[in-house]
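Structure first, then comments.
Where a number appears in this text, it was derived from the coordinates with a stated rule and is not lab data. Everything numeric here is computed off the predicted structure, so don't read it as measured data. Ideal geometry is used to build each Cβ from the backbone, glycine not excepted, and the neighbour counts take in all protein chains shown.
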Amino acid sequence: MQRWRAPVATAPVDAQVAVPGSKSLTNRALVLAALSDQPARIGNPLRARDTELMAAALRALGAQIAAEPGPDGGWRVTPGRVVRGPAEVDCGLAGTVMRFVPPIATLTATADQPIGFDGDPRARERPMAALIGALRAVGATVDDGGRGQLPITVSGGPEVRGGAVRLDASASSQYVSALLLTGARWPHGVAVHHAGPPVPSLPHIEMTAAMLRRAGVAVTEQTPDRWVVAPGPIQLPDTTIEPDLAGAMPFLAAALVTGGRVTVPALGPTTLQPAAQLGEVLEGFGATWSYEPGGLTVTGPGRIRGLDADLREIGELVPVIAALASLADEPSTLRGVASLRGHETDRIAALATELTNLGGAVAETADGLVIEPRPLHAGVFASYSDHRLAHAAAVLGLAVPGIEVDDITSTAKTMPDFADRWQAMLS
């Protein structure tokens, strides 16, 4: 672990901050390229732990993924003709790896070539049962020891046909995306029907559908909570990954905390990420935001208002949103994010604990947090090996001297040089 003292802002931030490529888009592009009928180049990919784990997993199943020269750190992906096993896949703590890759493993040519999946200790606690059931429904063999969690082994064969799948995806939208990404390679395609409480992070399913269409796959949302992918070829063209909106969030939040201005280049109105929902949250806190020729710009108001919002569609941003709410001058209620209890850590409980330890008044609810602003004091903010919690602590540290993150290396999951970029923003 590497403890890090968050720097304090001594003046309003006025910065242009370039952030790496989107993790969500990079890993979807890697999967589609590995399943394609043709090689593809992925430009400006995120090069961090989660995406390196995805690349390693796809290599284990037969794809060739090689770095290419050039300033954007691109990858050239050559798909394997047959998904191969036996193999062991390290998922780390990456939800996209543990959920997107097992459906690909069902494409193994014979049932005696199992592919094993395991990861970090916390990965063994993250929910997988609904996806495991779905893979069995399409004809795969999955051994989970009755746990509904990692470790698992998956094997396929001619009995894997795809078709209709009914599942409860209220724990993670990644279950739906996982089935859609591989669906075109199953003989009957896939028709996914969600039955249960609302699916969180719906924009990520829309992102998946948009990328499938770019790869020539026929995908439709016939009715709410029902998605259909037709069988057929996958032909991902060369793809350039746009900057990561979730990675940009702490930098954009700095504009609110300091009453300043931050621009993230190359984020525009055609983004596949949920920028509109983020904009609504920023406006709720009192900020203004706009797309300009240089990118997405956020300007802080000089004070932070309280927020009452359903954040179901942008749950990944809640840690930084909670930090902003703790620095506001009015109470806030954050709702609709019960699924955060199954992320890298129980983010709801972790935020309540760490903010309270710094002097905040925070109450957990079944699906979120109620935050009554109080003067905060110096202290150590535990990251729980969760990059988004480390981001929240950095935002708090802009206004509260003496905030320390117990393990800043947790940010390597999506931005290995986060601490350097953060300091550069303030320079």
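Under 10 Å, Cα contacts only: if you run a Gaussian network model on the chain, which one of GLY145, GLY368, GLY397 comes out with the highest mean-square fluctuation?
Looking only at GLY145, GLY368, GLY397, the biggest GNM fluctuation is shown by GLY145.
Would you mind working out the magnitude of the charge dipole of the chain relative to its Cα centre, with +1 at each Lys and Arg C-beta and -1 at each Asp and Glu C-beta, to the nearest 20 Debye?
Numbers: 34 positive and 43 negative charges, 155 e Å.
Taking the Cα centre of the chain as origin, the dipole is about 740 debye.
In nm, give the distance between the simple-model label positions of THR240 and ARG76, each being 7 Å from the Cα along the Cα-to-Cβ direction.
Label at THR240, label at ARG76, 2.0 nm between them.
Specify the residue with the greatest mean-square fluctuation among GLN38, GLN222, GLN277, computed from a Gaussian network of the chain linking alpha-carbon atoms under 10 Å apart.
For the chain, modelled as a Gaussian network with Cα springs under 10 Å, the answer is GLN222.
If you find the alpha carbon centre of the stretch 1-43 and of the stretch 218-292, how far apart are they in angstrom?
Distance between centres, Cα-based: 13 Å.
Given the chain, what percent of its DSSP beta bridges are antiparallel, to the nearest 5?
Of all bridge pairs located within the chain, approximately 70 percent are antiparallel.
If the elastic network links every pair of Cα atoms under 10 Å, which of PRO243, PRO274, PRO197 fluctuates the most in the Gaussian network model of the chain?
PRO197
For the stretch 225-230, in order, what is each residue's ³J(HN,Hα) by Karplus, 6.51 cos²θ - 1.76 cosθ + 1.60 with θ = phi - 60°, in whole Hz (x at glycine and Pro)?
For the stretch 225-230, the Karplus-derived couplings read 6, 9, 10, 10, 10, 7 Hz, x marking Gly and Pro.
With everything on Cα atoms, drop me the angle between helix 95-105 and the longest principal axis of the chain, reported from 0 to 90° to the nearest 10.
The angle comes out at about 10 degrees.
Using bins 20 angstrom wide from zero, how does P(r) for the chain break down, in % of all Cα pairs?
Percent of pairs per bin, in order: 27, 57, 16, 0.
Using each residue's phi in the stretch 138-146, evaluate 6.51 cos²θ - 1.76 cosθ + 1.60 at θ = phi - 60° and report the 3J(HN,Hα) Karplus result to the nearest Hz, with x for Gly and Pro.
My calculation for the stretch 138-146 gives 8, x, 7, 9, 10, 10, 10, x, x Hz in order.
Residue farthest toward the positive end of the dipole of the stretch 10-82, with Cβ of Lys/Arg at +1 and Asp/Glu at -1: which of PRO12, LEU32, ASN44?
It is LEU32.
Estimate the FRET efficiency between ARG374 and ARG213 by the formula 1/(1 + (r/R0)^6), using the beta-carbon distance for r and 45 Å for R0, to the nearest 0.05.
With a Förster radius of 45 Å, E is 0.40.
Near the amide H of ASP308, under 5 Å away, which other amide H atoms are found, from residues 5 or more places off or on another chain, if H is placed in the peptide plane?
Residues meeting the criterion, in which the H sits 1.01 Å from N, are THR333.
With everything on Cα atoms, drop me the angle between helix 23-35 and the longest principal axis of the chain, reported from 0 to 90° to the nearest 10.
The angle comes out at about 10 degrees.
With +1 on the Cβ of every Lys and Arg and -1 on the Cβ of every Asp and Glu, and nothing else charged, how large is the dipole of the stretch 23-228 about its Cα centre, in debye rounded to the nearest 20?
Computed charge dipole of the stretch 23-228: roughly 320 debye.
Quick check: the angle from helix 202-214's long axis to the longest principal axis of the chain, C-alpha only, nearest 10 degrees?
Helix 202-214 and the main axis of the chain meet at about 50 degrees.
Quick one: which residues, 5+ away or cross-chain, put their amide H under 5 Å from the amide H of GLY260? H built at 1.01 Å from N.
VAL13, GLY300
In the stretch 23-228, what percentage of the DSSP-assigned beta bridges are antiparallel, given to the nearest 5?
On the way: 19 of 28 bridges.
Here the share of antiparallel DSSP bridges comes out near 70 percent.
List LEU107, LEU245 from most exposed to least, where exposure is judged by having the fewest other Cβ atoms within 10 Å.
Numbers: LEU107 23, LEU245 26.
Going from least to most buried by this count: LEU107, LEU245.
Based on DSSP H runs of at least 4 residues, each adding -39500 (n - 2.57), what is the mean residue ellipticity at 222 nm of the chain after dividing by all its residues, to the nearest 500 deg cm²/dmol?
Rounded to the nearest 500, the figure is -9500 deg cm²/dmol.
Counting Lys +1, Arg +1, Asp -1, Glu -1, what net charge surrounds GLY119 among other residues with beta carbon under 15 Å of its beta carbon?
Local charge sum for GLY119: -3.
Show the residues, 5+ positions off or on another chain, whose built amide H is closer than 5 Å to the amide H of VAL380.
Answer set, sorted by chain and number: GLU404.
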